[in-house]
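Heads up, the thing below is written out as structure tokens.
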Amino acid sequence: MALFNNLKPKNSITHMKFKFFLMAFISAVSAAILFSACSENATDPAPASANVSLRLEPVAGNQVFDTNTVVQISGRNARINQARIYISEIALIRENNEEVRFTDEPLSVRYIRGVGDTAILNITDKIILFRHDAGQREAVLGSAPTGRYKGIRFTVGLNDQVNKIDALEVARLRPNHPLARTSPPQPGNWWSWNTGYIFTRVEGFFDNSPTGTGTPTTRFFYHIGGPTGFASVITLSQPFEIRAGENNVVPIQVDYARCFTGIDLATSPNCMVIRDPARFPDDRRLGEQFRDNQRIAFRFRP
């Protein structure tokens, strides 16, 4: 201040102007220092959303799924070499019951609306084909609000409209889309001789001896899906949290052995729910039983 006092002008009016300038200068410097200090101590607000993935871990009873492992299915030794399942209409349930749905890049494709009648269907739903026999366990869902959640809801299979689209057209438009028809030798989850998709495909071998404890050598296959009524809505409850900046994964399990509860492979080794009921009268009943079993085959991973 002594320096400024030495520079004080003689004229009183000039002195007042100088004093006003000096005070303004000091205030500006003080504000700048305060702003700088606050800026250094402030933290950016947490993002309002974060990326989320769904992990669907396959098991068979108390064993981790593997195409080379012998497992127990309805009391018989079995080995599953194909296990593929469609998951759609996925929603995370927040604590306030709000549902967070996930979308994908739009796909416009023809579907069969009626006999001789087709229309364009715009598909935006996030659909996943888990190819468990090929090692696929996890898929990205998209972005969801951060915070606490209490469960998840999803459909095993596809809704009636999506189930009637042309899989070959999807392959031409979007070859890598989960609804695209694949080429041999890769197993397809669609009916090659009829309209519609196979929602759940499980194939393998089982021991057909009286004891069922030998080497699995007899083939079995269950192809569930196609007609109306074979999609299953699954709701699972367990608290979890989605956090910003973290690898958010919702972990659930599907027990393929549990899908066969009450089904004896020795007497019912195969099922295709769209086959001619006159020739295969048990297919519908077996398909419905398998579908109902799926509702208790999913759970949050322990």
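Laid out as a table, the results:
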{"quantity": "Index of the failed condition, Val59 passing every other in (1) over 16 Å from the mean Cα position of the chain (by Cα); (2) farther than 28 Å from Ser237 by Cβ; (3) not in a loop (DSSP other than H, G, I, E, B)", "calculated": "(2)"}
{"quantity": "Exclusive hit being modelled with pLDDT of 95 or more, touching a Gly at 6+ places or on another chain (Cβ under 6 Å) and not polar (S, T, N, Q), set Arg153, Arg79, Arg131, Arg101", "calculated": "Arg79"}
{"quantity": "Residues being among the β-branched types (Val, Ile, Thr) and within 19 Å of Gln238 (Cβ to Cβ) - total across region 118-149", "calculated": "1"}
{"quantity": "Options Pro277, Pro281, Pro227: the member that is without any contact (Cβ under 8 Å) to a residue 60 or more places away in the chain and under 19 Å from Ser88 (Cβ atoms)", "calculated": "Pro227"}
{"quantity": "Residue among Val59, Val52 that alone is modelled with pLDDT of 95 or more, over 25 Å from Gln289 (Cβ atoms), among the hydrophobic types (A, V, I, L, M, F, W, C) and surrounded by 12 or more Cβ atoms within 10 Å (Cβ to Cβ)", "calculated": "Val52"}
{"quantity": "Test: residue in region 153-172 that is buried (at least 20 other Cβ atoms within 10 Å of the Cβ) and closer than 30 Å to Glu246 by Cβ", "calculated": "yes"}
{"quantity": "Top-ranked residue in region 100-145 [being among the acidic types (Asp, Glu) and closer than 22 Å to Phe199 by Cβ; ranked as nearest to the chain's Cα centre (by Cα)]", "calculated": "Glu138"}
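A quick yes/no check of all residues on (1) within 29 Å of Arg153 (Cβ to Cβ); (2) outside the structural domain of Gly204 (by TED's automatic domain parsing); (3) of a type in the set (Gly, Ala, Ser):
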position	(1), (2), (3)
Thr67	no, no, no
Gln72	no, no, no
Asn96	yes, no, no
Val109	yes, no, no
Gly114	no, no, yes
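Each row is one residue, and each column tells you yes or no for (1) hydroxyl-bearing (Ser, Thr, Tyr); (2) within 19 Å of Glu89 (Cα to Cα); (3) without any contact (Cβ under 8 Å) to a residue 24 or more places away in the chain.
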residue: Thr118; (1), (2), (3): yes, no, yes
residue: Ala139; (1), (2), (3): no, yes, no
residue: Ala144; (1), (2), (3): no, yes, no
residue: Tyr149; (1), (2), (3): yes, yes, no
residue: Gly157; (1), (2), (3): no, yes, no
residue: Lys164; (1), (2), (3): no, yes, no
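The values are calculated or read from the model by the stated rules, or taken from the named source; none is laboratory data. Only a predicted model underlies this, so the values are computations on that prediction, with no experimental measurement involved. Cβ coordinates were reconstructed from backbone atoms using ideal geometry, including for glycine residues, and neighbour counts include every protein chain displayed.
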